[in-house]
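> The structure that follows is given in the form of structure tokens.
The values are calculated or read from the model by the stated rules, or taken from the named source; none is laboratory data. Computed from a predicted model, the values in this text were never measured in an experiment. Here the Cβ positions follow ideal geometry from the backbone for every residue, glycine too, while neighbour counts run over all protein chains shown. Ligands, DNA and RNA are excluded from the accessible area calculation, which covers all protein heavy atoms including side chains. Shrake-Rupley method; radii C 1.70, N 1.55, O 1.52, S 1.80 Å.
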Amino acid sequence: MQKVFAVLLAGMVAAGAACAEPVRSAPQAYAGVGVSGVDYVGAATKASPKVFGGYQFGKQLAVEGGAVDFRNGYGMYIAVKPSIPLTEKLSVYGKLGVAQTRRTALPPPAPAALGRKNETGAYGAFGLQYSITPNAAITAEYERLPLEKPSALKPNVFTLALQFFF
């Protein structure tokens, strides 16, 4: 977990070395990497890697897909991502789409009976995006995955990520 945070911090520092410019308005593709805090029932929150990518049609609309590795399974999503610029560099956004979670086995202390499970359902998220350069941004978001109760995984995921535009 500390290595992932160190890589993210190094990337943020490197990207922040250039001047920040206004939020982009031309259509473009993007990709990102992040660290997600995944909650487990009866256990501490664990850091999990996340990758995502999408296409931004302008300042206010994008389509995005991504995946979070739970170590014993994963969650993936595709969503529409409208955003509202608050300043030239800062915007707030939401995501609405569909997600699927797949678990092959759950880490202790989860009961073995909860083992393998696939769930598909509504996906929602909201967050903040801060442009640190014309081609890089930092995002912080809360995501809600489709997970039924009882489950060893909680449906809440918090993510800190670096996003790069092409």
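> Rounded to the nearest 0.05, what FRET efficiency do L90 and D39 have when you use their Cβ-Cβ distance and R0 = 25 Å? Before the final figure, lay out each step's value.
Numbers: r = 27 Å, r/R0 = 1.09.
Efficiency, rounded to the nearest 0.05: 0.35.
> Give the accessible area for L90 in Å² (nearest 10); use a 1.4 Å probe, count only protein heavy atoms, and leave out ligands, DNA and RNA.
Near enough 50 Å² of accessible area.
> While we're on this one: Distance cut-off 18 Å, Cα to Cα: go down the list K50/K95; K95/K117; K81/K117; K59/K81 and report the pairs above it.
Working: K50/K95 16 Å; K95/K117 24 Å; K81/K117 28 Å; K59/K81 11 Å.
Result: K95/K117; K81/K117 exceed 18 Å.
> If you don't mind, there's one more thing I want to ask. What do you reckon, how do F70, F164 stack up by accessible area (1.4 Å probe), largest on top? Walk me through the intermediate numbers first.
Values: F70 5, F164 80 Å².
So the residues, ranked largest to smallest area, are F164, F70.
> Determine the sum of side-chain charges near G66: Lys and Arg each +1, Asp and Glu each -1, restricted to other residues whose C-beta is under 13 angstrom from that of G66. Mind dumping the intermediate values first?
Details: positive: K50, K81, K95; negative: E64, D69, E141, E143.
That sum, taken over residues with Cβ under 13 Å, equals -1.
> Run the 1.4 Å probe and let me know the accessible area of F166, rounded to the nearest 10 Å².
Its accessible surface works out to 150 Å², give or take rounding.
> Skipping prolines and chain starts, which residues have an amide H placed within reach, meaning under 5 Å, of the one on V41, given they are 5 or more residues away or on another chain?
Result for V41 returns L153, K154.
> Would you mind checking which residues have amide H under 5 Å from K81's amide H? H placed 1.01 Å from N; only 5 or more apart, or other chain.
A62, V63, E64
> Determine ³J(HN,Hα), in whole Hz, for all residues of region 82-88 in sequence, where each value follows from phi through the Karplus function 6.51 cos²θ - 1.76 cosθ + 1.60 and θ = phi - 60°; x replaces Gly and Pro.
The phi angles translate into x, 9, 10, x, 9, 9, 5 Hz.
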